[in-house]
1. Give me the one-decimal nm value for the distance between modelled label points at residue 342 and residue 317, 7 Å along each residue's Cα-to-Cβ direction.
2. Return the loop-located chymotrypsin sites (Phe, Trp or Tyr not before Pro) in region 1-100 (DSSP other than H, G, I, E, B) with at most 12 other Cβ atoms within 10 Å of their own Cβ; answer none if there are none.
3. Between residue 204 and residue 166, what is 0.36 nm times their sequence separation minus the Cα-Cα distance? Round to one decimal in nm.
4. Can you list, largest first and rounded to whole Å, the semi-axes you get for the chain by taking the square root of 5 times each eigenvalue of its Cα gyration tensor?
5. At most 16 other Cβ atoms within 10 Å and a DSSP loop assignment: could you name the trypsin sites (Lys or Arg not before Pro) in region 1-39 that fit?
6. Under the rule of -39500 (n - 2.57) per DSSP H run of 4 or more residues, summed and divided by the residues of the chain, what mean residue ellipticity at 222 nm is obtained, to the nearest 500 deg cm²/dmol?
7. Can you figure out the FRET efficiency of residue 132 with residue 301, using R₀ = 35 Å and their beta-carbon distance, to the nearest 0.05?
8. Taking only pairs that are 8 or more places apart or on different chains, how many Lys pairs in region 49-295 have Cα atoms under 23 angstrom apart?
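What follows draws every value from the coordinates through simple rules; no lab data is involved. All values derive from a computational prediction rather than experimental measurement. All Cβ positions, glycine included, derive from the backbone under ideal geometry; neighbour counts span all protein chains shown.
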Amino acid sequence: MVSSYMYGLGSRRSVIREIFEYAKVRGAEIGPENVFDFSIGNPNVPAPDCVREAIMELISEEDSTRIHGYTSAQGDLETRRVVAGSYKKHGLEISPDCIYMTVGAAASVTITASALYEEGDEFLTFAPYFTEYAVFVRTAGAELKVVPTTEGTFQIDPEALRERISAHTKGIIINSPNNPSGVVYSEESLHAMCAILEEKQKEFGHPIFLISDEPYREIVFDGKKVPCLLNYYDNTIICYSYSKALSLPGERIGYILVSEKIDGWREIYAAVCGAGRALGYVCAPSLMQKVIAKCEGSTSDISVYERNRDLLYNALVSYGFECVHPDGAFYLFMKSPSGDAYELYERAKKYELLLVPSDDFGVKGYVRIAYCVKTETIEKALPSFRKLMESYKEEK
Ligand code: PLP
């Protein structure tokens, strides 16, 4: 009667959504202030003032049809011009014709995979990875193959990539700063990855696309910068979103940038437009496109995430937890003292700490802590983390 695949997706929530829903139920039982929900990447830092000002200005316009009407399928030209212009800081002259506005990174990756897919194609990604990639790629008809990274640092392991890449590889989805590890891939490992992609393209005689999913691009700490991969590898497609750095996850706005350095980029761009059409997106939200035209380049106060990172990381390490030091995004990857992610997840729940087990992210034995919460929430939760560690020590 229904598609068993779609039924499976719709009737079983992702682990993250499951925990997020549990947090609401538990909050109703004991008071939301007593539940420490570190499950979801929903930014708690307000959007910058320019967003509210832009919305107020736009909705005060007399001609509401201009604000709320359909835009061209690929997005308003003015917005695409502004987005394209934002790459000047990387020394690039980008044409608005290679920008396609979307409803966020989830749509950007799904559309890109659907646009590129031909029968038998596979996409690769590095573990740990954003679990929804499996859904996005499967929706396109392809298979997602997972490439391990170096245990402990979770940096790209070039040899592991070389081993897994095959004649069926159409593209590789990378995400740095990474959800869930918080790792920013080093320049050295990115160069090594690109060299392997170049080598394998030649060997197999077809392009291998680098799909760079960058919703956390601006959320980096200690003065770090995320390199612009358009300058590293010609066959690059960027999937961007304003959900995280501009704190607009519910507004659903982002874009795809098809590099003009790709041989036949116009064909790929047309396929992107086709995939957006086939998937029923019509156009990205008109009001939000116009907000982006006014606010591109602004971010919410990223220093809050850095402060949260320092507070949480330093405390957890001092209690005896082993953590991956996050250089970006707003996730911390913490090792389970028992080696079992689910055991730690269940145990933490007893202390009202809601953490996400790592197994679904393609790595065993860790939990993800989303620290995009209020700093006070972390301060209040720290004694519970301490007790959690003590519970392990008492067992020894
Ligand atoms: N990609 C990654 C790595 C993410 O972490 C997320 C959301 O958490 C998405 C894509 C989806 O983001 P959006 O809200 O822009 O669709």
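1. Going by the 7 Å Cα→Cβ label model, 3.2 nm.
2. Answer by residue number: 70.
3. This chain segment gains 12.9 nm when fully extended.
4. Output for the chain: semi-axes of 34, 27, 20 Å.
5. 12, 13
6. Dividing the helical sum by the residues of the chain leaves -13000 deg cm²/dmol.
7. The pair residue 132/residue 301 has a calculated efficiency of 0.85.
8. Pairs that pass both the separation and distance tests number 25.
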